[in-house]
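Q: I'd like to ask you about the structure that follows.
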Ligand code: ATP
């Protein structure tokens, strides 16, 4: 278990990279840190690893205060973006390296390296050097090295980012299976929301050194707590539309909906709807956004449709073949929506009308 209390890091020069982080990661949990560039993900991981000293707050690992412990005494293994494997050592020596540091006898560490290598399908490569390996193989060596010393936790800093798209998907599935098998607490830094959704038991979305939302992938996807999280999560961004409440209805981009509970005439809110939770109607209806189909983008099995309404652009995803030609008048019907007051989630709704 890793718990962080009031964790703050101010770099010389005044950058507040971490700002009072409160977080408990459960034993065996796969936890993703997600957020835009510069939000503090790497600094947080490095602070857990002991590579950065916090300005304030504490790090506890398995109930023990680790705040002042050097990295080597924390029982965590970090895998970096560039793998940081030694170019002059072969695969066996790279995997066995942490055991050598721990003064494990040679025969024992070679045996352990071979065992871990087999698990990661590296047996045939044990005598090669990193320069003779593909990116995916190098990544597996870095993983094997982390696994060989049986740490209490793995800390991964974008370990998949150097792989091409296909390998990345393969490595992702592999990593998830491995983590399940080993049941080792894992903290995973990524700026790729799809990766975080796919891998994690829970995700923390960070911005400017703070945790904006912590939840399961389903929570984060279906109930983003702020407009920032809403716009960050999802492979096509959520539509966030200005809306006004009158005594009769909630008016959004030419559509009118019943006034949701807790809203009053005169309220200005933001209406969120994911592109995946809308469909097109060829005929007018009051609970749909009227517009003209202006752009069609092929997503393979689906098509991303951009609808130009008098006030704004609305994007929705329809099954391939269901898209009307550009220039057609159409009505986008929302099935699920989110209401934000200011930046904050007020309510989420399922529309039965379908
Ligand atoms: P990325 O996704 O781009 O790697 P990140 O979320 O991991 O970003 P960090 O690397 O943790 O972000 O950086 C957080 C903030 O702290 C940034 O504003 C960065 O410029 C700053 N920062 C990081 N390391 C240092 C340092 N050694 N000295 C001063 N500022 C730093």
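Q: Residue 265: in a loop (DSSP other than H, G, I, E, B) and more than 15 Å from residue 314 (Cβ to Cβ), yes or no? It would help to see each step written out before you state the result.
A: Details: in a loop (DSSP other than H, G, I, E, B): yes; more than 15 Å from residue 314 (Cβ to Cβ): yes.
Taking the combined requirement at face value, the residue satisfies it.
Q: Could you tell me which of the residues 23, 45 is near the ligand (Cβ under 9 Å from one of its atoms), within 16 Å of residue 206 (Cβ to Cβ) and touching a strand residue (DSSP E or B) at 6+ places or on another chain (Cβ under 9 Å)?
A: Numbers: 23 fails: near the ligand (Cβ under 9 Å from one of its atoms).
Criteria check complete, one pass: 45.
Q: Moving on. Out of everything in the range 304-327 that is surrounded by fewer than 17 Cβ atoms within 10 Å (Cβ to Cβ) and without any contact (Cβ under 8 Å) to a residue 40 or more places away in the chain, what residue ends up being nearest to residue 252 (Cα to Cα)?
A: So, considering only residues that are surrounded by fewer than 17 Cβ atoms within 10 Å (Cβ to Cβ) and without any contact (Cβ under 8 Å) to a residue 40 or more places away in the chain, the one nearest to residue 252 (Cα to Cα) is 313.
Q: Then there's this: Does the range 268-277 contain any residue that is part of a strand (DSSP E or B), more than 22 Å from residue 350 (Cα to Cα) and touching a strand residue (DSSP E or B) at 6+ places or on another chain (Cβ under 8 Å)? Give the steps one after another, and end with the answer.
A: Residues of the range 268-277 part of a strand (DSSP E or B): 268-273.
Next, from what is left, pick out any that are more than 22 Å from residue 350 (Cα to Cα): none.
The answer is no, given that none of the residues of the range 268-277 is part of a strand (DSSP E or B), more than 22 Å from residue 350 (Cα to Cα) and touching a strand residue (DSSP E or B) at 6+ places or on another chain (Cβ under 8 Å).
Q: Among the residues of the range 208-240, write down those that are on the phi > 0 side of the Ramachandran plot and buried (at least 19 other Cβ atoms within 10 Å of the Cβ).
A: Across the range 208-240, the qualifying residue is only 209.
Q: Can you work out which of the residues in the range 183-203 that are assigned to a strand (DSSP E or B) and either under 13 Å from residue 81 (Cβ atoms) or modelled with pLDDT under 90 (or both) is farthest from the ligand (Cβ to nearest atom)?
A: Within the range 183-203, the first condition is being assigned to a strand (DSSP E or B), and the residues that meet it are 185-190, 202-203.
In the following step, the residues that additionally are either under 13 Å from residue 81 (Cβ atoms) or modelled with pLDDT under 90 (or both) were identified as 188-190.
Working: 188: 12, 189: 6, 190: 9 Å.
Once the filter is applied, the top-ranked residue is 188.
Q: Scan the range 53-75 and tell me whether some residue there is on the phi > 0 side of the Ramachandran plot, modelled with pLDDT of 95 or more and in the same structural domain as residue 149 (by TED's automatic domain parsing). I'd like the intermediate steps shown before the answer.
A: Initially, the range 53-75 is screened for residues on the phi > 0 side of the Ramachandran plot, giving 57, 62-63, 75.
With the extra rule that they be modelled with pLDDT of 95 or more, the set shrinks to 57.
If we keep only those that are in the same structural domain as residue 149 (by TED's automatic domain parsing) too, we end up with 57.
Checking the range 53-75: at least one residue is on the phi > 0 side of the Ramachandran plot, modelled with pLDDT of 95 or more and in the same structural domain as residue 149 (by TED's automatic domain parsing).
Q: Here's a follow-up. Applying the selection to the range 230-251, what residues are under 14 Å from residue 271 (Cα atoms) and in contact with a helix residue (DSSP H, G or I) (Cβ under 8 Å, 6 or more places away or on another chain)? Spell out how you get there, then give the answer.
A: Of the range 230-251, the ones under 14 Å from residue 271 (Cα atoms) are 230-231, 237-245, 249-251.
If the condition is that a residue be under 14 Å from residue 271 (Cα atoms) and in contact with a helix residue (DSSP H, G or I) (Cβ under 8 Å, 6 or more places away or on another chain), then 237, 238, 239, 240 are the ones that fit.
Q: Moving on to the next point. Within the range 1-13, can one find any residue that is more than 15 Å from the ligand (Cβ to nearest atom), surrounded by fewer than 21 Cβ atoms within 10 Å (Cβ to Cβ) and closer than 15 Å to residue 154 by Cα? Quick ask: steps written out before the conclusion?
A: Of all residues in the range 1-13, those more than 15 Å from the ligand (Cβ to nearest atom) come to 1-3, 5-6.
This time we only want the ones that are surrounded by fewer than 21 Cβ atoms within 10 Å (Cβ to Cβ), so: 1, 3, 5-6.
So of that shortlist, the ones also closer than 15 Å to residue 154 by Cα come out as 1, 3.
Within the range 1-13 (the criterion being more than 15 Å from the ligand (Cβ to nearest atom), surrounded by fewer than 21 Cβ atoms within 10 Å (Cβ to Cβ) and closer than 15 Å to residue 154 by Cα), the answer is yes, since at least one residue qualifies.
Q: Could you say whether any residue in the range 155-168 is at pLDDT below 95, under 21 Å from residue 236 (Cα atoms) and under 14 Å from the mean Cα position of the chain (by Cα)?
A: Yes, the range 155-168 contains a residue that is at pLDDT below 95, under 21 Å from residue 236 (Cα atoms) and under 14 Å from the mean Cα position of the chain (by Cα).
Q: I need every pair where a residue in the range 143-162 that is within 16 Å of the ligand (Cβ to nearest atom) has its Cβ under 6 Å from the Cβ of a residue that is assigned to a loop (DSSP other than H, G, I, E, B), sequence separation at least 6 or different chains.
A: 157/80; 157/81; 158/81; 161/81
Q: Hey, residue 60 hits all of (1) within 16 Å of the ligand (Cβ to nearest atom); (2) more than 20 Å from the chain's Cα centre (by Cα); (3) in contact (Cβ under 8 Å) with a residue 40 or more places away in the chain but one; which does it fall short on?
A: Among (1) within 16 Å of the ligand (Cβ to nearest atom); (2) more than 20 Å from the chain's Cα centre (by Cα); (3) in contact (Cβ under 8 Å) with a residue 40 or more places away in the chain, the lone unmet condition for residue 60 is (1).
Q: Is the range 74-90 home to any residue that is part of a helix (DSSP H, G or I), surrounded by 20 or more Cβ atoms within 10 Å (Cβ to Cβ) and more than 23 Å from the chain's Cα centre (by Cα)?
A: Let us first name the residues in the range 74-90 that are part of a helix (DSSP H, G or I), namely none.
No, the range 74-90 contains no residue that is part of a helix (DSSP H, G or I), surrounded by 20 or more Cβ atoms within 10 Å (Cβ to Cβ) and more than 23 Å from the chain's Cα centre (by Cα).
Q: Another question, then. Residue check, residue 180 against (1) more than 16 Å from the ligand (Cβ to nearest atom); (2) surrounded by fewer than 18 Cβ atoms within 10 Å (Cβ to Cβ); (3) under 16 Å from residue 272 (Cβ atoms), all met but one. Which one?
A: (3)
Q: Within the range 110-136, track down each residue that is touching a helix residue (DSSP H, G or I) at 6+ places or on another chain (Cβ under 9 Å), closer than 20 Å to residue 182 by Cα, modelled with pLDDT of 85 or more and outside any loop (DSSP other than H, G, I, E, B).
A: If the condition is that a residue be touching a helix residue (DSSP H, G or I) at 6+ places or on another chain (Cβ under 9 Å), closer than 20 Å to residue 182 by Cα, modelled with pLDDT of 85 or more and outside any loop (DSSP other than H, G, I, E, B), then 112, 113, 114, 115, 116, 117, 123 are the ones that fit.
Q: Does the range 28-38 hold any residues that are at pLDDT 95 or above and either within 10 Å of the ligand (Cβ to nearest atom) or in contact with a helix residue (DSSP H, G or I) (Cβ under 6 Å, 6 or more places away or on another chain) (or both), and which are they?
A: Answer for the range 28-38, where residues must be at pLDDT 95 or above and either within 10 Å of the ligand (Cβ to nearest atom) or in contact with a helix residue (DSSP H, G or I) (Cβ under 6 Å, 6 or more places away or on another chain) (or both): 30, 32, 33, 34.
The values are calculated or read from the model by the stated rules, or taken from the named source; none is laboratory data. Keep in mind it's a predicted model, so treat the numbers as computed, not measured. FYI the Cβ positions are ideal-geometry reconstructions off the backbone, even for glycines, and counts take in every protein chain you see.
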